[in-house]
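See below for the structure under consideration.
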Amino acid sequence: MQARRYYEGFWGVDSLTVKYTESGEMIRFSYRVLEPEKAAALNDKKSEPSLIDPQAGVKLVIPEMEKVGKLRQSSTPVAGKQYWMAFSNSGRRVRPGDRVDIVIGPFHANGLVVE
């Protein structure tokens with residue numbers, strides 16, 4: 001509860017979720033923007049997001065597809081919209097139930113549970 005208030009008040013986001021995709025090859029992080037000015041850091045193209053799983057000892061990054069680019073949304077945030085990014089989980093090292101940290105520039109969300 002306290003963490004949720006922190007993300008809402010300081011970063012202008014809520015509904016932080018981390019989901020294991022059906023294939024297991026990707027982990028999807030999503031969030032909803034409440035205050036675009038505060039949430040801008042999460043959509044900054046210059047930031048290289050990472051997903052860290054301390055139990056598995058891995059740091060996942062967002063893959064770059066030849067014709068699509070990076071698998072993340074980096075447009076100017078709009079209040080009420082949901083945004084996402086997908087991390088490559090080759091080898092399926094990150095599993096459902098793991099607690100992971102999301103780092104995007106100055107933004108840190110620690111201990112999120114992979115669904």
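The values are calculated or read from the model by the stated rules, or taken from the named source; none is laboratory data. Remember, predicted model here, so these are calculated numbers, not experimental data. Here the Cβ positions follow ideal geometry from the backbone for every residue, glycine too, while neighbour counts run over all protein chains shown. Note: accessible area is taken over every heavy atom of the protein model, side chains too, but ligands, DNA and RNA are not part of it. Shrake-Rupley method; radii C 1.70, N 1.55, O 1.52, S 1.80 Å.
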Built amide H within the under 5 Å cut-off of L34, gap 5+: V13, D14, G80
What number comes out for accessible area per residue over the chain if the probe is 1.4 Å? Units Å², please. 57 Å²
Output the relative contact order of the chain, whole-number percent, from Cα pairs under 8 angstrom with separation of 6+ residues. 31 percent
With label points set 7 Å from each Cα along the Cα-to-Cβ direction at D14 and E66, the distance between them in nm comes to 4.4 nm
Portion, in percent, of the accessible area of the chain that falls on carbon or sulfur, probe 1.4 Å: 52 percent
List the lysines whose Cα lies under 22 Å from the Cα of K38, skipping any in the same chain that are fewer than 8 positions away. K46, K81
Using per-residue counts of other Cβ atoms within 10 Å, averaged over each peptide, order 69-81, 31-43, 102-114 from highest down. 31-43, 102-114, 69-81
Residue-normalised 222 nm signal for the chain, counting each DSSP H run of n ≥ 4 as -39,500 (n - 2.57), nearest 500 deg cm²/dmol, is -1500 deg cm²/dmol
Roughly how big is the chain's charge dipole about its Cα centre, with Cβ charges of +1 (Lys, Arg) and -1 (Asp, Glu), in debye to the nearest 20? 60 debye
What ³J(HN,Hα) values, in whole Hz, does the Karplus curve 6.51 cos²θ - 1.76 cosθ + 1.60 give for segment 12-27 when θ = phi - 60°, with x put for Gly and Pro? x, 9, 8, 6, 6, 9, 10, 10, 7, 6, 3, 6, x, 7, 9, 10
Please work out which option in [x] 1.01; [y] 1.59; [z] 1.87 gives Cα Rg over 2.2 N^0.38 Å calculated from these coordinates, and answer with its label. [x]
